[in-house]
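K.L.:
Structure provided below as structure tokens; questions to follow.
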Amino acid sequence: MGFSFRDKMAPSTPLLTVRGSEGLYMVNGPPNFTESTVLPRESGKSCKVYTFSKDGTLFAWNNGEKVNIINVTNKGLLHSFDLPKAVCLEFSPNNTVLATWQPYTTSKDGTAGVPNLQLYDVKTGTCLKSFIQKKMQNWCPSWSDDEVICARNVNNEVHFFENNNFNTIANKLHLQKVNDFNLSPGSQPYKVAVYVPGSKGAPSFVRLYQYPNFAGPQAALANKSFFKADKVTMLWNKKATAVLVIASTEVDKTGASYYGEQTLHYIATNGESAVVQLPKNGPIYDVVWNSSSTEFCAVYGFMPAKATVFNLKCDPVFDFGTGPRNAAYYSPHGHILVLAGFGNLRGQMEVWDVKNYKLISKPVASDSTYFAWCPDGEHILTATCAPRLRVNNGYKIWHYTGSVLHKYDVPSNGELWQVSWQPFLDGVFPAKTITYQAVPSEVPSEEPKVTTAYRPPALRNKPVTNSKLHEDEPPQNMKPHPGGDKPLSKTALKNQRKHEAKKAAKQEARSDLAPTPAPQSAPRNTITQSASGDPEVDKKIKNLKKKLKAIEQLKEQAAAGKQLEKNQLEKIQKETALLQELEDLELGV
């Protein structure tokens, strides 16, 4: 159906496309960074938009007069369309269709405007269909990866077309006031997630359907309703087995946050759903799926924000502690995770080896407004773009070990508007072994300026006292342990706990030689305060008691008739095991 121009040969280096006051041009990727001849530089400021096809073989842009399409492989011009006002361009997954959008306008006498969303056949250049699409938000039709189905949200309905035949609506999904939808990735069976906002006291809900089974109340694969939602973001995993839903309110009625209130929900296509319990209160800044589809990372909580990786049971797998961060980016192969603080934060990045949860590097990309992984899974692009920031515009290419391999600064009177990698299909670049040694670079490293806090004259000759507003919490495998400054490995921790338990048992055996009378009135189920003499064991006992108390509260809620979530019911099932573990610890087993 679609067609691809890329030959089956060794993968070439991804190109960089740069758009700004200096024009539109392409740069060869690492290691050369020279200007590419694929696209002759379009000088001037007239370029409004550009896009690559999903496999990176086609490139389209609007030069202010026409929308042009070129073949990246042989540099040949395929088509030119007379669309000077087009501000959005998008290729279908198999390069069959180019979608263009321009702002909708009505005539002065109030008559309806002309269709502003055009769909062009890339092979022939003919216009397949034109639609009226008033809003820029969600302007582009959504295709399945094999282009068998295509969907649009029209007047609170989702219209489905098949095999790019846009003259016939093959199916409709009609729910009252469908606000948004999200088509699943991958091929058949196709699934769609739809969001309907609440009204007149009714809750908002997200439902999952399998195409084309939309009829009847039992047709939905899964359903999740919630009251606190003015808008939602729906994120499918790569295998299309589950959706993460970030539900947001514009106003936090408790007054705790200026940014409103967010909650995170998990919905699986097998009907399971759960609220993801986030240990720290505050906004949810970012949520991303790993390409493995088996875990996801959330960045959340009042600054300094926490970052945690969760599994498909919504249980925490690894806690990265707290830090100045508001974004997370998995590499294309899913083996590296970057936690970063951009926008109003300083641009600090933490690069983690996901398999071993080991920190690789901590580079700083100051004033960055954009971040993107290179399709090769080794290089990173950071940029400072206008209009977010109009000074110090430019971009940097990094190796994930923290080395800056290339840097370009826009002249002081110029601006950078957009920069991005040429995309490649999954599997073109094989995953490489992770290295921790910084790769060599010819770009001189910039030492970040150390800024000292202002001190009033009366305190300048007195010793500095270090005081922090917030104590940063280290990642779970770097927390200090008694008896040593270095973090212990999993095996060492296990052995240390066994040794401490034996030691505690011996101490208890000695104390049993001189027993003290116990009070007769103590109830059997009451968990007595114990001090094993070991801070690590005491801490574990305290945590177990805390979990058991939470289980008691959940049981009370269930007895009162409240419907519990799946993960809350799983917690209750763990009560026996927790009681046994507590008993063993208190006896020093």
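K.L.:
Using amide H atoms built 1.01 Å from N in the peptide plane, name the residues 5+ places from Glu22, or on other chains, whose amide H lies under 5 Å from its own.
P.N.:
Glu415
K.L.:
In the range 334-457, what percent of the accessible surface is made up of carbon and sulfur (1.4 Å probe, ligands and nucleic acids excluded)?
P.N.:
Here carbon and sulfur together make up 53 percent of the probe-accessible area.
K.L.:
While we're looking at this one, here's another question. By its C-alpha gyration tensor, with a ≥ b ≥ c as the square roots of the eigenvalues, how is the range 203-245 shaped: rounded for a/c under 1.5, else prolate for a/b larger than b/c, else oblate?
P.N.:
It is oblate, given that a/c is not under 1.5 and a/b is not larger than b/c.
K.L.:
How much accessible area per residue does the range 98-147 have, in Å², with a 1.4 Å probe?
P.N.:
Averaged over the residues of the range 98-147, the accessible area is 55 Å².
K.L.:
Tabulate in residue order the Karplus-calculated ³J(HN,Hα) for the range 229-241, using 6.51 cos²θ - 1.76 cosθ + 1.60 with θ = phi - 60°, rounded to whole Hz; enter x for Gly and Pro.
P.N.:
7, 9, 8, 10, 10, 10, 10, 7, 7, 4, 8, 6, 9
K.L.:
Ok, one more. Applying 1/(1 + (r/R0)^6) with R0 = 51 Å to the Cβ-Cβ distance of Leu235 and Leu587, what FRET efficiency is obtained, to the nearest 0.05? Write out the running numbers ahead of the final one.
P.N.:
Numbers: r = 46 Å, r/R0 = 0.91.
Taking R0 as 51 Å, the efficiency between Leu235 and Leu587 is 0.65.
K.L.:
Report the extension gain between Asn163 and Thr37 in nm, rounded to one decimal, defined as 0.36 nm multiplied by the number of residues separating them, less their alpha carbon distance.
P.N.:
Residue separation times 0.36 nm, minus the Cα-Cα distance, leaves 41.8 nm.
K.L.:
Count charges around Leu16 for me, please; just the other residues with Cβ under 12 Å from its Cβ, Lys/Arg as +1, Asp/Glu as -1.
P.N.:
Residues close to Leu16 contribute a combined charge of +1.
K.L.:
If the chain between Val391 and Glu65 were fully stretched, how many nm would it gain, using 0.36 nm times the residue separation less the Cα-Cα distance?
P.N.:
Working: separation 326, 0.36 × 326 = 117.36 nm, distance 2.90 nm.
Here the answer is 114.5 nm.
K.L.:
Here is a follow-up. How big is the range 141-276 on each of its three principal axes, counting only the C-alpha atoms and giving the largest first in Å?
P.N.:
Result, largest extent first: 50, 30, 27 Å.
K.L.:
What are the ³J(HN,Hα) couplings of the range 295-304, residue after residue, when phi is run through the Karplus curve with 6.51, -1.76, 1.60 and θ = phi - 60°? Round to Hz, x for glycine and proline.
P.N.:
8, 9, 10, 10, 10, 7, x, 4, 4, x
K.L.:
Could you tally the net charge around Ile267, taking each other residue with its Cβ under 13 Å from the Cβ of Ile267, Lys/Arg +1 and Asp/Glu -1?
P.N.:
+2
K.L.:
Apply 1/(1 + (r/R0)^6) to the Cβ-Cβ distance of Ala558 and Leu578, taking R0 = 22 Å, and write down the FRET efficiency to the nearest 0.05.
P.N.:
That pair, Ala558 with Leu578, gives E of 0.80.
K.L.:
Using each residue's phi in the range 364-380, evaluate 6.51 cos²θ - 1.76 cosθ + 1.60 at θ = phi - 60° and report the 3J(HN,Hα) Karplus result to the nearest Hz, with x for Gly and Pro.
P.N.:
Per-residue couplings from phi come out as 10, 10, 4, 6, 6, 10, 8, 9, 7, 6, 6, x, 6, x, 10, 10, 10 Hz.
K.L.:
What does the charge count near Trp143 come to, summing +1 for each Lys or Arg and -1 for each Asp or Glu among other residues with Cβ under 12 Å from its Cβ? Present the calculation step by step, with values, prior to reporting the outcome.
P.N.:
Values: positive: Lys54, Arg152; negative: Glu90, Asp145, Asp146, Glu147, Glu162.
Around Trp143, the surrounding residues sum to -3.
K.L.:
In terms of the Cα gyration tensor, with a ≥ b ≥ c the square roots of its eigenvalues, is the range 30-171 rounded because a/c is under 1.5, prolate because a/b exceeds b/c, or oblate?
P.N.:
oblate
K.L.:
Out of residues 5 or more away from Phe318 or on other chains, whose amide H comes under 5 Å of its own, with H placed 1.01 Å from N in the peptide plane?
P.N.:
Val309
K.L.:
Take the solvent-accessible surface of the protein heavy atoms, probe 1.4 Å, and return the percent of it on the range 60-194 that carbon and sulfur atoms account for. Each step should come with its number before you reach the end.
P.N.:
Details: 2970 of 6430 Å².
Here it works out to 46 percent.
K.L.:
On the protein heavy atoms, probe 1.4 angstrom, tell me the percent of accessible surface of the range 221-293 carried by carbon and sulfur.
P.N.:
Values: 1790 of 3530 Å².
Taking all protein chains in place, the range 221-293 shows 51 percent carbon and sulfur surface.
K.L.:
Let me ask another. At a temperature of 20 °C and a viscosity of 1.002 mPa s, determine how fast the range 335-447 diffuses translationally according to Stokes-Einstein, using the Kirkwood radius over alpha-carbon pairs as Rh; express D in µm²/s, rounded to the nearest whole number.
P.N.:
Diffusion coefficient, whole number: 144 µm²/s.
K.L.:
Is the shape of the range 108-154 rounded, prolate or oblate, going by the alpha carbon gyration tensor and its root eigenvalues a ≥ b ≥ c, with a/c under 1.5 for rounded and a/b larger than b/c for prolate?
P.N.:
In terms of gyration-tensor shape, oblate.
K.L.:
What distance in nm separates the two pseudo spin-label positions at Ala170 and Lys135, each 7 Å out from Cα along the beta-carbon direction?
P.N.:
Placing both labels 7 Å beyond Cα along the Cβ direction yields 2.6 nm.
K.L.:
Oh, and also: Please work out how much length the chain gains when fully extended from Ala215 to Ala453, using 0.36 nm per residue of separation minus the C-alpha to C-alpha distance, in nm with one decimal.
P.N.:
79.3 nm
K.L.:
Over 19 Å between C-alpha atoms is what I'm after, so list which of Lys134/Lys191; Lys54/Lys191; Lys75/Lys432; Lys54/Lys432; Lys540/Lys571 land there. Show your work: numbers first, answer last.
P.N.:
Details: Lys134/Lys191 26 Å; Lys54/Lys191 21 Å; Lys75/Lys432 30 Å; Lys54/Lys432 23 Å; Lys540/Lys571 17 Å.
Beyond 19 Å: Lys134/Lys191; Lys54/Lys191; Lys75/Lys432; Lys54/Lys432.
K.L.:
Given 20 °C and 1.002 mPa s, how large is the Stokes-Einstein diffusion coefficient of the range 13-52 in µm²/s, with Rh as the Kirkwood radius over Cα pairs? List each step's numbers first, then the result.
P.N.:
Values: Rh = 10.5 Å.
Result for D is 205 µm²/s.
K.L.:
Over the range 267-373, give the accessible area per residue in Å² for a 1.4 Å probe, as an integer.
P.N.:
35
K.L.:
Then there is this: Mind giving me the nanometre distance, one decimal, between the label points for Tyr258 and Lys200, set 7 Å out from Cα along Cα→Cβ?
P.N.:
3.8
K.L.:
Under 5 Å between amide hydrogens, which residues at least 5 positions from Asp145 or on another chain qualify, with H placed 1.01 Å from N in the peptide plane?
P.N.:
Under 5 Å from the amide H of Asp145: Gly186.
K.L.:
Where only protein heavy atoms count, and the probe is 1.4 Å, what is the accessible area per residue for the range 538-589 in Å²?
P.N.:
70
The values are calculated or read from the model by the stated rules, or taken from the named source; none is laboratory data. Predicted, not measured: the structure shown is a model, and the values here were computed from it. Heads up, the Cβs are rebuilt from the backbone with ideal geometry, glycines too, and the neighbour counts pull from every protein chain shown. Remember, those area values only see protein heavy atoms, side chains included, never the ligands or the DNA or RNA. Shrake-Rupley method; radii C 1.70, N 1.55, O 1.52, S 1.80 Å.
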